[in-house]
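The values are calculated or read from the model by the stated rules, or taken from the named source; none is laboratory data. Just so we're clear, the structure is a prediction, and the values are computed from it rather than from any experiment. Glycine also receives a Cβ, built like all others from the backbone with ideal geometry; neighbour counts cover every protein chain displayed.
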Amino acid sequence: MSQTHEFPLRDHPGVPDGLVAYAQPTHDDGTFDNDRAGRPKVRRVQLRTDAVAHPQRPDGLLTDADWRWATSAIRRWTTIGARFGDRAEDIALALARAGCVALDHDYRSGRISSPPRGWTPHPSLAAGQASATAARRDRQSQVAARAAELSSQLAADWPGVASALAIPASDPRLIWLVRAADDLAQGRRHDGARAFVQAHVFNTKAREDLPRLLAEAGFEPDTCPLHRS
């Protein structure tokens with residue numbers, strides 16, 4: 001097992017334009033099993049591009065949620081196909097050509113098997129997604145802690161608000177409920193929903209349905225901080 005690490009199979013038949021096939025080691029220590037002639041036995045290859053130093057998200061290819069899913073972890077082809085359906089192959093090739101993923105294939109009798117086994121995201125993208133996920137969890141924990149604090153503080157006078165603040169930390173509505181409850185606790189009032197949103201996120205259209213959201217969550221009508229008294 002003298003051959004170590006991967007090696008390119010340049011100009012190999014069946015490799016899509018813009019990609020190069022790299023033979024993957026047989027063992028975790030980076031070595032290959034050899035045949036009787038001393039040639040490395042290749043069981044798996046990765047198809048990826050050599051032309052991209054820093055992978056960039058292709059414009060218009062994926063939604064934000066699909067992009068996070070695609071680049072956060074190794075994905076198997078069965079799950080890729082289930083998520084993207086008839087678009088799976090086109091998406092896989094576009095991501096590989098942009099340097100965002102490497103396509104993992106079995107290799108049998110000198111041929112690259114299709115479809116892929118799945119894909120492996122570029123390490124920098126996977127690390128970035130992991131950092132973003134950790135940051136989101138930290139923010140959720142902070143919001144949940146503030147929600148619990150406000151719920152205790154407001155329960156006696158406004159039980160509907162306190163109950164509304166008990167939704168899970170992962171619920172995207174919670175941050176808005178906390179903002180409204182915090183304004184209520186501090187005695188802050190705003191000239192309508194747009195003024196409220198502008199004060200918190202500097203975008204008057206970010207949450208135009210806020211009055212309905214607060215009402216459906218259980219905020220008492222006289223607690224709404226969207227109107228000056």
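Of everything in segment 161-218, what is hydroxyl-bearing (S, T, Y) and either buried (at least 21 other Cβ atoms within 10 Å of the Cβ) or in contact (Cβ under 8 Å) with a residue 40 or more places away in the chain (or both)? Give them in sequence order.
Passing the criteria: only S163.
Suppose we filter segment 147-160 for residues that are buried (at least 17 other Cβ atoms within 10 Å of the Cβ) and either outside the structural domain of F219 (by TED's automatic domain parsing) or more than 20 Å from D222 (Cα to Cα) (or both); how many remain?
Residues in segment 147-160 being buried (at least 17 other Cβ atoms within 10 Å of the Cβ) and either outside the structural domain of F219 (by TED's automatic domain parsing) or more than 20 Å from D222 (Cα to Cα) (or both): 0 in total.
Take T4 and decide whether it is among the polar types (S, T, N, Q) and modelled with pLDDT of 95 or more.
no
I need the full set of residues from segment 167-191 which are assigned to a helix (DSSP H, G or I) and either within 30 Å of the chain's Cα centre (by Cα) or among the small types (G, A, S) (or both), in order please.
Matches in segment 167-191: L174, I175, W176, L177, V178, R179, A180, A181, D182, A185.
Run down L125, L165, L184 and say which single residue is at pLDDT 90 or above and in contact with a Cys (Cβ under 9 Å, 6 or more places away or on another chain).
After applying the criteria, what remains is L125.
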